[in-house]
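Step one of this worksheet: look at the structure below.
The values are calculated or read from the model by the stated rules, or taken from the named source; none is laboratory data. Everything numeric here is computed off the predicted structure, so don't read it as measured data. Cβ placement follows ideal geometry from the backbone for every residue including glycine, while neighbour counts extend to all protein chains displayed. What goes into the accessible areas is simple: the full protein's heavy atoms, side chains included, and nothing from ligands, DNA or RNA. Shrake-Rupley method; radii C 1.70, N 1.55, O 1.52, S 1.80 Å.
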Amino acid sequence: MENKLYIYNTLNRKKEEFKPINPPHVGMYVCGPTVYGEPHLGHARPGITYDVLYRYLQYIGYKVRYVRNITDVGHLESDADTGEDKIAKKARLEELEPMEIVQFYTNSYHEKMKALNTLPPSIEPHASGHIIEQQLMVKKILDNGYAYEKNGSIYFDVEKYNQKYKYGKLSGRIIDDLQSNTRELDGLDEKKNPFDFALWKKASPEHIMRWPSEWSDGFPGWHLECSVMSTKYLGEKFDIHGGGMDLLFPHHECEIAQSTAANGEESVQYWMHNNMITIDGQKMGKSLGNFITLEEFFTGNHKLLEKAYSPMTIRFFILQAHYRSPLDFSNEALQSAEKGMARLFTAMDKLDNLKTSAKSSFDVQALKQRCFDALNDDLNTPILFAHLFDGVKYINSIAAGTESITAGDLDELKKLYHDFVYEIAGLKNENAQKQGANKLDEVLTLLLNLRMEVKKNKDFATADKIRDQLKDMGIIVKDTKDGFEWEIN
Ligand code: ZN
């Protein structure tokens, strides 16, 4: 690999050179959504962050298997293994089957991720489709002595695990702190220690999402699915595990403990965590009234929004911050992202019409190297865009005749912008698409005007043929007294 990529490994708290276990193959697992509500800005950030990583790894020559799960069972309202299942609760409130909720919000999630131009993962496993595998892992952990049964539920024995392996490696939390920080009540009386967590929970009579097991009719603990599905599809040792910082503890800490307790060693080489999005400095939350779904961003239909923001504006806005930095949403920030992106695309449009000279007054190769350096430095997308905007000044100056470029360098520059902006950053020029749609409107109008002419010449057979063939394409043409109307069916 020509490019040396460094990524920040949360586990070791430093940037490390990325060396896959089995190059050129890379296994990458990202915690996906719990599908019980409309996707929001908080879903967009990991979606886009790991999409850029996925795109970049492939661009520099790796073959990536990207697994992102769908959580459709076992995510309870409280981290302390209490409360209702989030999906079952939504199903109860809406009087629907839990799997109807899962399908509805999974569809919506896919739709929004597609609008944001994220590539679909290679495999998208559902927790509910891997109950047997989860039971097998519980058994393995029990056999290895790191879990215990109480009243049909199985809990992970954190203290016992900690004697052999260190618990808290990822979050830096140690058992003594957990002991004093966990409220007694959280543990219920089934757990030996309040920080133990459920691997399998016996279902109460009213709990609908349940499966038979040798311990009880019940359901898996939320943390288990990711340990099980990541190792099932990527092997007991794999390269990258990503997710939001909010999942670092307890979710990812528990994943490490489970995989290690089952297999004797950790599964993940590089742990990556994206930071969170705040809204006007506050955490996003339903109770705060600042909870904005992606659909609301795209339509502008929310009281906090001054206007609609296109999917690409959201994408560009997110990439203008480094993924490990917090990102604060405001109308002002989004509008400035919108303007910045327009400036970038306007300059890129000029690339096709630049005049070339015998000499270049700018080092295109150096710009390209700086772009790679930015991404190789832990995917530093804001620095990447800073370099691309340096190039924008150059493009504008060439267009104004104050700078010059050779034909060879111009080809390089076009490829550089195409690759970094479209292929790696995953942006699309929405204006160009709108212009394309406008052009098609113009072509259709031209065709229908020609049809009017043939009618005037009494060539009704040709006029009907045009009308019928358009109808086959789903375009309905109606003759009116002044001309025609059309609509897409
Ligand atoms: Zn997970």
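Numbers below:
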| read-out | value |
| --- | --- |
| Additional length obtainable on full extension of the chain from D79 to R343, 0.36 nm per residue less Cα span | 90.5 nm |
| Relative contact order computed over the chain (Cα-Cα under 8 Å; 6+ residues apart), in percent | 16 percent |
| Accessible surface ranking that places the most exposed of R45, R173, R210 first, with a 1.4 angstrom probe | R173, R210, R45 |
| Inter-label distance, nm, simple model (7 Å from Cα along the C-beta direction), Y165/D411 | 5.4 nm |
| Amide H contacts of V64 (H built 1.01 Å from N, under 5 Å, at least 5 apart or other chain) | V26 |
| Whole-Hz ³J(HN,Hα) from phi, Karplus 6.51 cos²θ - 1.76 cosθ + 1.60, for region 321-327, glycine and proline x | 10, 5, 4, 8, 9, x, 9 |
| Whether region 304-407 is rounded, prolate or oblate, judged on the alpha carbon gyration tensor where a/c under 1.5 counts as rounded | oblate |
| Per-pair calculated FRET efficiency, R0 = 56 Å: E17 and D472 via Cβ, rounded to 0.05 | 0.45 |
| Distance between region 277-346 and region 436-450 - C-alpha centres, whole angstrom | 35 Å |
| Accessible area in square angstrom per residue, region 77-205, 1.4 angstrom probe | 53 Å² |
| 5 angstrom amide H check on F18, placed H, neighbours 5+ away | L5, Y6, I7 |
| Relative contact order for region 6-274, counting Cα pairs under 8 Å that sit 6 or more residues apart, in percent | 24 percent |
| DSSP bridge pairs, the chain: antiparallel proportion in percent, nearest 5 | 55 percent |
| Phi to ³J(HN,Hα) by Karplus 6.51 cos²θ - 1.76 cosθ + 1.60 over region 221-226, Hz, x for Gly, Pro | x, 4, 5, 5, 4, 6 |
| Spin-label model distance (nm) - H25 vs N489, 7 Å beyond Cα toward Cβ | 4.9 nm |
| Using alpha-carbon coordinates, inclination of helix 253-263 to the longest axis of the chain, degrees | 70 degrees |
| Zero-based 20 Å bins, Cα pair distances in the chain, whole percents | 20, 45, 26, 8, 1 |
| Region 49-58 - phi-based ³J(HN,Hα) in whole Hz, Karplus 6.51/-1.76/1.60, Gly and Pro as x | 4, 6, 5, 5, 4, 4, 5, 5, 4, 5 |
| Q335/D176 FRET efficiency (R0 51 Å; Cβ-Cβ; nearest 0.05) | 0.60 |
| Pair H418, L440: separation of 7 Å Cα→Cβ label points (nm) | 2.3 nm |
